[in-house]
Amino acid sequence: MASDNSDKTAMIGLDQETINREILKAKESPACLILIRGTPQGHRYFIDKDEMIIGRDPTADITITDPLISRKHAKISREGTVIKIEDLGSSNGTVINGKKLEAGNVSKLAKEDMIKLGNSIVKYLPAGEIEIIFYGNLNQAANTDPMTKCFNKGYFLEAIDAEVKRAKALSSPLTLIFFDLDHFKKVNDTYGHDAGDYVLKEFTALLRNSGVYKQKDIFARYGGEEFCLLMPGIGSEEAAPIAESIRGKVHMHSFMYEGKKIPVTTSLGVSELKGDIESAQDLIKSADKALYQSKESGRNKVTIA
């Protein structure tokens, strides 16, 4: 009889130590829904509360931006290891493995159940499944800048759009810090492009390991030597000293490449979602304008919009 190799999908090409580490990570993972069709594809929604609402509304526990999904479409409930789903009277219904779930009815979910909500499809995986880690690795690879290992621009643009909608719906603060490395072209021209690549990697590692931002914050490479830090839940008054801390850490850090110290500083612009800022694009433009002011006034500075 042929063996079931579905749990080994994530293991191809990995050494035994890595496999064991991935298995341990999987055992600690709660049950989750994987977005198989929709945006962002491959995203994992962990079922970490006893009741969670799925819907288009930014205040939903699981927000999926599909126009055919109702604002409050369905409810996930957790009773021990048992996970159930209930349709909340959605306009277009909830379909499990091709069978429509009637409004008010509750269905127990089984491994790899496919749940269709509007045009989107999520796949259910119970707690402890190695496939949860596999999808996480795929999602991370798709959303990560290969050189610096922080999020890429595509992921950032999706994230800021969702976070702006959520912040406006919940009336909660949201701040964006834009920054780039001063005179980076001169670094490449003087020390070579390999040295430039080293500076980018060292810069992002410095920020990642310094504890200046939280795990929920989104640190991304926007392009070239320009980066951004999206900080849900805090305003510009709280973000300003964080931006100043980043500036100071970069200024004081020794960037050493092949025995040569490369002078590196960064200019930053800080903007909060308030006033006439209505969209993600408005917030980006505001932070970018503040960054430009920092560069125009001498660089190695922080400007608050």
Selection count, the range 176-219, where residues are outside any helix (DSSP H, G or I), without any contact (Cβ under 8 Å) to a residue 60 or more places away in the chain and closer than 20 Å to Ile284 by Cβ: 3
Here the qualifying pairs (Cβ atoms under 7 Å; residues six or more apart or on different chains; first in the range 66-94 and surrounded by fewer than 16 Cβ atoms within 10 Å (Cβ to Cβ); second among the hydroxyl-bearing types (Ser, Thr, Tyr)) come out as Lys84/Ser77; Lys84/Ser107; Ser91/Ser70
Assess whether Ile54 counts as being open to solvent by less than 50 Å² (accessible area, probe 1.4 Å) and either assigned to a loop (DSSP other than H, G, I, E, B) or under 20 Å from Ala162 (Cα atoms) (or both). yes
Among the candidates Leu230, Leu206, residue that is hydrophobic (A, V, I, L, M, F, W, C), at pLDDT 90 or above and within 24 Å of Leu174 (Cβ to Cβ): Leu230
Just to be sure, is Thr148 at pLDDT 85 or above, in contact with a Pro (Cβ under 8 Å, 6 or more places away or on another chain) and hydroxyl-bearing (Ser, Thr, Tyr)? no
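Residue-by-condition table, conditions (1) of a type outside the set (Val, Ile, Thr); (2) open to solvent by 20 Å² or more (accessible area, probe 1.4 Å):
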| position | (1), (2) |
| --- | --- |
| Ala239 | yes, no |
| Ser245 | yes, yes |
| Tyr257 | yes, yes |
| Lys260 | yes, yes |
| Thr265 | no, yes |
| Leu268 | yes, no |
| Glu272 | yes, yes |
| Asp276 | yes, yes |
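If a residue has to be part of a helix (DSSP H, G or I) and not hydroxyl-bearing (Ser, Thr, Tyr) to count, how many in the range 236-280 make the cut? Let's see the steps before the verdict.
Going residue by residue through the range 236-280, those that are part of a helix (DSSP H, G or I) are 236-252, 280.
Subsequent filtering for residues that are not hydroxyl-bearing (Ser, Thr, Tyr) retains 237-244, 246-252, 280.
Result for the range 236-280: 16.
The values are calculated or read from the model by the stated rules, or taken from the named source; none is laboratory data. Quick caveat, the model's predicted, so the values are computed rather than measured. Cβ sites come from the backbone with ideal geometry, for glycine too, and all protein chains shown count toward neighbours. Remember, those area values only see protein heavy atoms, side chains included, never the ligands or the DNA or RNA. Shrake-Rupley method; radii C 1.70, N 1.55, O 1.52, S 1.80 Å.
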